[in-house]
Amino acid sequence: MLHRVQSMQLVDEMVDLNELKLLELAKRNMDNETAEAVLALPEGKKSNWGMVAFLAICLDGAYDHCAWLDSDIFVHRGSLPWVDAAIQRHIEDPWITVGRPSHSPLDEDGLEKFSSRHFVYHRKGLQRLLPLKGLRKVSKHFNFEDLMNDNFDKLEYRHGVFMTSRGGSWVIHPPDHKSQIRHLLKACGSRSLTTLIAIMEQGSEHGKMAYKWHQRKNPDMMDAASWASHMRQQCSGQRFTNSSLPPVGLTASVPEAGDI
């Protein structure tokens with residue numbers, strides 16, 4: 001799959017985490033004890049490694065803003081893409097360290113927890129958070145996301161992670177359970193994924209807003225039954241062709257089992 005992506009020239013560079021000097025990279029932005037601990041965490045080990053590498057690459061490259069998007073996130077691009085909205089919000093308030101996309105175009109701008117699924121680092125604001133520290137004896141379920149949120153909690157100014165819905169863009173995550181993902185991918189036969197992506201691009205189906213089809217307890221997660229129902233209506237009503245995800249920036253992650 002990766003060779004195919006390379007041959008299509010969809011990315012500029014691919015990085016093999018196993019070939020990086022991760023401890024050296026981690027120590028650039030964390031105290032020594034925290035750097036060693038975060039790389040040894042058993043929960044989502046490769047994901048933690050990817051977060052460490054991405055943070056270092058962002059800062060070492062002297063980029064003003066660095067966008068991360070997990071490989072399985074569906075994005076609806078409104079009049080203003082979510083990365084652009086995050087950058088605009090940071091320009092208004094340089095203290096903001098991280099920007100996040102919204103789960104609904106109607107959400108109000110506000111404080112949020114850090115999520116490693118989708119975010120933008122703002123270099124100017126990020127400097128006040130570093131070096132990351134405080135990771136010692138922790139739960140085996142602790143991960144890089146928890147490390148970031150612990151450090152944000154220690155900041156004097158409590159507006160480090162900001163979520164905005166400006167411009168009408170929003171994101172949603174596919175269901176976690178493989179059986180539910182299979183249910184979605186069979187809703188329209190061979191046209192299931194194409195139809196799902198087309199609905200995301202439109203942001204609605206017959207006037208019904210797609211961001212509302214989420215799980216009750218997890219508003220950022222697709223409700224498989226609702227999405228499958230609307231997809232079947234689209235399949236029976238019209239055919240979608242030549243549909244693809246809108247360009248939302250580079251993803252720095254590799255699909256894991258269960259990702260679409």
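The values are calculated or read from the model by the stated rules, or taken from the named source; none is laboratory data. Keep in mind it's a predicted model, so treat the numbers as computed, not measured. Backbone-built Cβ (ideal geometry, glycine too); neighbour counts: all protein chains shown.
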Is it the case that D31 is under 30 Å from P94 (Cα atoms) and out of contact with any helix residue (DSSP H, G or I) (no Cβ under 9 Å at 6 or more places or on another chain)?
yes
Hey, can you tell me all the residues within the stretch 155-184 that are at pLDDT 90 or above and part of a helix (DSSP H, G or I)?
G168, K178, S179, Q180, I181, R182, H183, L184
Out of all the residues in the stretch 145-158, is one or more touching a Pro at 6+ places or on another chain (Cβ under 8 Å) and either more than 30 Å from E43 (Cα to Cα) or touching a residue at least 40 places away in the same chain (Cβ under 8 Å) (or both)?
no
